[in-house]
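*Asks:* Structure below; questions to follow.
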Amino acid sequence: MMIIYYMRSSFLKKTLSRIFFKNNTKNTKNNKKPHICLLAGEASGDEIGGHLISSLGKKYKLRFSGIGGYYMSNSEPKFKSIFPISNISVMGISDVIIKLPILYKHIYQTVYHIIKEKPEVIISLDNKGFNNRVIKTTKNILKILPKTDPQDIKFILYVAPSSWGLKNQKNIQLNLYDHLFCICLLYTSPSPR
């Protein structure tokens with residue numbers, strides 16, 4: 001079941017902590033820091049991820065990994081991207097076709113990282129084409145691996161409101177995620193003078 005949240009940053013901390021720490025007793029027994037894997041594929045997702053890392057890092061002792069760029073690396077000094085974010089930042093069909101072998105290589109490289117590191121939460125940031133394939137492949141592999149349960153990992157889609165422009169056929173892909181966070185930005189119009 002997917003839960004949809006409209007949020008501000010203060011609401012994010014409360015809600016994410018409830019989701020993240022509700023059934024998370026295995027890491028407290030081992031004295032390991034809880035692990036969040038963030039997947040950003042473009043500059044906007046990198047910036048959103050940087051803000052998310054810095055706000056969560058202030059409140060909790062967490063370990064972060066995944067795909068990111070400048071903002072995410074500066075928010076958490078120990079964050080190291082699996083590969084350069086520029087490798088999967090594509091625009092237009094010709095760019096996708098040219099980079100298709102590299103994209104598939106990085107999909108499986110990311111899935112391998114997730115299965116090896118076993119994060120408690122995977123947060124997909126804004127790059128739906130690449131990230132949906134990573135999430136779907138990860139869930140399929142976790143189903144067939146012994147002693148693993150896809151329910152152990154929470155999959156979260158963390159996006160800007162532009163995602164609501166998806167067509168009905170693309171909404172089916174939202175079922176890959178356990179939770180959907182939608183950033184609400186409140187703008188005030190300038191007062192007339």
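*Asks:* What number comes out for the charge environment of N127, summing +1 per Lys or Arg and -1 per Asp or Glu over other residues with Cβ under 11 Å away?
*Replies:* Numbers: positive: K128, R133; negative: E42, D46, D126.
Combined, the nearby Lys, Arg, Asp and Glu give -1.
*Asks:* With label points built 7 Å along Cα→Cβ from the Cα atoms of A43 and D149, find their separation and express it in nm.
*Replies:* Computed distance between label sites A43 and D149 equals 4.4 nm.
*Asks:* May I ask you to evaluate 6.51 cos²θ - 1.76 cosθ + 1.60, the Karplus curve with θ = phi - 60°, for each residue of region 143-149 and list the ³J(HN,Hα) values in order in whole Hz, giving x for glycine and proline?
*Replies:* 5, 9, 6, x, 6, 10, 10
*Asks:* Pull out the extension gain between I115 and K61, defined as 0.36 nm times the separation in residues minus the alpha carbon to alpha carbon distance; nm, one decimal. List each step's numbers first, then the result.
*Replies:* Details: separation 54, 0.36 × 54 = 19.44 nm, distance 2.19 nm.
In short, 17.3 nm is gained.
*Asks:* State the extension gain, in nm to one decimal, for the chain segment bounded by D95 and I141, taking 0.36 nm per residue of separation less the distance between their alpha-carbons. Let's see the in-between values first.
*Replies:* Numbers: separation 46, 0.36 × 46 = 16.56 nm, distance 2.85 nm.
Full extension from D95 to I141 adds 13.7 nm.
*Asks:* For I88, I141, write out the residues from largest to smallest accessible area, computed with a 1.4 angstrom probe and no ligands counted. Intermediate values should be presented prior to the final figure.
*Replies:* Values: I88 5, I141 50 Å².
From most accessible down to least: I141, I88.
*Asks:* Given a cut-off of 19 Å, name the pairs among K80/K147; K116/K147; K116/K154; K32/K139; K61/K136 whose C-alpha atoms lie farther apart than that in the structure shown.
*Replies:* On the way: K80/K147 28 Å; K116/K147 13 Å; K116/K154 16 Å; K32/K139 24 Å; K61/K136 29 Å.
From the list (K80/K147; K116/K147; K116/K154; K32/K139; K61/K136), the Cα-Cα distance tops 19 Å for K80/K147; K32/K139; K61/K136.
*Asks:* If you don't mind, another one. For L103, what charge total do you get from the other residues with a beta carbon under 15 Å from its beta carbon, if Lys and Arg give +1 and Asp and Glu give -1? Let's see the in-between values first.
*Replies:* On the way: positive: K99, K105, K128, R133, K136; negative: E42, D95.
Once positives and negatives cancel, what remains is +3.
The values are calculated or read from the model by the stated rules, or taken from the named source; none is laboratory data. As the structure is a prediction and not an experimental result, all values here were calculated from the model. Because the Cβ atoms are built from the backbone with ideal geometry, glycine has one as well, and the counts that use them run over all protein chains shown. What goes into the accessible areas is simple: the full protein's heavy atoms, side chains included, and nothing from ligands, DNA or RNA. Shrake-Rupley method; radii C 1.70, N 1.55, O 1.52, S 1.80 Å.
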